[in-house]
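The values are calculated or read from the model by the stated rules, or taken from the named source; none is laboratory data. A quick note: this is a predicted structure, and the numbers were derived from the prediction, not measured. Neighbour counts are summed over all protein chains in view; Cβ atoms, including those assigned to glycine, are modelled from backbone coordinates with ideal geometry. Just the protein is used for accessible areas: all its heavy atoms, side chains included, with ligands, DNA and RNA removed. Shrake-Rupley method; radii C 1.70, N 1.55, O 1.52, S 1.80 Å.
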Amino acid sequence: MDELIEQAATETPDEYVNTYTEFENQLVTENAYIVPLYTSLKAQAFNQEVLNPDSIRLSKSRAFAWEPVSYVDDSQHAERPLLLTQTSSQLTSLDPIKGNDGSINQLNTNMYVRLINLTDDDQITSENSLSYNHAIADGNSEYYFILRDDINFAKIEDGAAVDTGDLVSAEDVIYSLNRAKDPNSVPDHRTYSLHEHIDEVSIVEDVTELEEATLSGSDSSVKEALEEGLETPISAVVASEDEVDNANGNYQVVKLTTTQPFPQVLNYLGHQSAGIVSEQQVEAINTYDIESYDVNSDIAYGDQRAVTEGGSYDNHLWTSGPYIMVDKNDYQANFVKNPAYRPDTDADANIEQVTVRFIADSSSALSALRSNEVDLYYGLGEVDYPIVENESSLALQSIPSNAVTYMLFNVNTPGRPVSDSADLRKSVLYAINQEEINAAYQGCLLYTSDAADDSL
């Protein structure tokens, strides 16, 4: 089993499908080490009289994306805040690498751009990311990203988002990913293990390297892959952001090398913890000594106290994504659109303001949706589906998530029949009626037993 996991980690998606299929066959069918029970559902509900249903996405893994959302009446985009909700009002950190929990995942995902994204069905894409394209070189240890030049950092001045004029550049990418993989880059670093396979991040300074590097699984060059769909082909790769001029073919290209062949590094680069921060601003704020850092007195970059209304308010955020937080209190957090995030393109955020209201109780959150206090409720529980379906103003979106609930046999204790006998474990596997489990879990309303079969 371990060998199959290690093998799959070195393979690209078109290769690892077969490896994971064999892994699943060994795990369940041949050895019955586990008994899959059901695949959890992920759902959200929204007011379809307010929000344009065609603009609302529901993704398996990535957090809810704000920038594509639009109103049914688009004249409201400039003045009416998009009203959302989340459970926690205590935010771990608005520094992407210092948290990986429900209090900040959605917020940081919308405030910091990443080198790549995940599609709604968890495929790697460069769409709406910092890169036009990305490429894996032969050997699956070298990854190239060609960067856009139409995203600047935003900051808050007098309650409004302003363009800092500072390009989100290759230098910021290198800085962000190096601190992401370094467990000692910040106190209480909570996400470094996600990025431990990153060995080196650098800027490509010779276009010949791109011409001579071969694309994984192909005879094409990395340069050809990076140029696909570009309005202007690559004429030069430049080291300094001052030399960047995409319209004239001058691009920055970032090269990431992994410690071993590991294409799944791309999945981690789509995580909010790989959000790109400003080297200039983070270094200006994080002037404390890490070894003597005092959480009670030192204000680190992304500390929620910097954006909390009152005496501690001193908003120091510089964000690279489509939105930036203005302020927060115990009841809500307020965001405004980054005016320097791909302006006048299809990726430009539609709605100018977003308010996230903190509602800890799920029943209260649903009540807020039904009474028009919020426009969308992300993370709706299955028991509440019928309530949403019975209200004409509301729409329900639901998909199978990546979370599988299963029963695990203890096979590590010698002498136990269930440890020694695969046939006994299989008899338990085949004796369990998954249709009944799915009926109980899904309220006999949503899916047929095919969902149980697919989860295997």
**OP:** Determine, yes or no, whether residue 406 is in a strand (DSSP E or B), more than 27 Å from residue 106 (Cα to Cα), modelled with pLDDT of 85 or more and open to solvent by 30 Å² or more (accessible area, probe 1.4 Å).
**Re:** yes
**OP:** Of all residues in the range 247-265, count the ones that are open to solvent by 10 Å² or more (accessible area, probe 1.4 Å) and out of contact with any helix residue (DSSP H, G or I) (no Cβ under 9 Å at 6 or more places or on another chain).
**Re:** 4
**OP:** Count, please, the residues in the range 23-57 that happen to be under 20 Å from residue 405 (Cα atoms) and either among the small types (Gly, Ala, Ser) or under 28 Å from the mean Cα position of the chain (by Cα) (or both).
**Re:** 11
Original post:
Before we move on, is residue 170 within 22 Å of residue 96 (Cα to Cα) and touching a Pro at 6+ places or on another chain (Cβ under 8 Å)?
Top reply: no
**OP:** Would you tally the residues in the range 328-351 being of a type in the set (Asp, Glu) and free of Cβ contacts under 8 Å to residues at least 40 places away in the same chain?
**Re:** 2
**OP:** Taking residue 164 as the residue in question, decide whether it is within 24 Å of residue 62 (Cα to Cα) and either among the polar types (S, T, N, Q) or not in a strand (DSSP E or B) (or both).
**Re:** no
Original post:
Tally time: how many residues in the range 36-71 are at pLDDT 95 or above, more than 23 Å from residue 109 (Cβ to Cβ) and touching a strand residue (DSSP E or B) at 6+ places or on another chain (Cβ under 7 Å)?
Top reply: 1
Original post:
Among the numbered criteria (1) open to solvent by less than 40 Å² (accessible area, probe 1.4 Å); (2) of a type outside the set (Val, Ile, Thr); (3) over 18 Å from residue 168 (Cα atoms), which single criterion is violated by residue 318?
Top reply: (3)
Original post:
Failed condition for residue 94, given (1) assigned to a loop (DSSP other than H, G, I, E, B); (2) surrounded by fewer than 24 Cβ atoms within 10 Å (Cβ to Cβ), with all others met?
Top reply: (2)
Original post:
Exactly one of (1) in contact with a helix residue (DSSP H, G or I) (Cβ under 7 Å, 6 or more places away or on another chain); (2) open to solvent by 70 Å² or more (accessible area, probe 1.4 Å); (3) over 30 Å from residue 433 (Cβ atoms) is unmet by residue 33. Its number?
Top reply: (3)
Original post:
Can you pull out the residues in the range 199-208 that are without any contact (Cβ under 8 Å) to a residue 60 or more places away in the chain, open to solvent by 50 Å² or more (accessible area, probe 1.4 Å) and closer than 14 Å to residue 265 by Cβ?
Top reply: 200
Subject >> Hits in the range 430-456 (condition: at pLDDT 90 or above and touching a helix residue (DSSP H, G or I) at 6+ places or on another chain (Cβ under 7 Å)) >> reply: none
**OP:** Please work out which residue is nearest to residue 270 (Cα to Cα), limiting yourself to the range 171-198 and to residues that are modelled with pLDDT of 95 or more and among the basic types (Lys, Arg).
**Re:** 181
Original post:
Can we say residue 291 is surrounded by 14 or more Cβ atoms within 10 Å (Cβ to Cβ), part of a helix (DSSP H, G or I), out of contact with any helix residue (DSSP H, G or I) (no Cβ under 7 Å at 6 or more places or on another chain) and not hydrophobic (A, V, I, L, M, F, W, C)?
Top reply: no
Original post:
Tell me, which residue of the range 166-198 that is within 17 Å of residue 147 (Cβ to Cβ) and surrounded by fewer than 21 Cβ atoms within 10 Å (Cβ to Cβ) is farthest from the chain's Cα centre (by Cα)?
Top reply: 166
Subject >> Selected residue (criterion: most open to solvent (accessible area, probe 1.4 Å)) from residues of the range 349-386 that are charged (D, E, K, R) and not in a loop (DSSP other than H, G, I, E, B) >> reply: 370
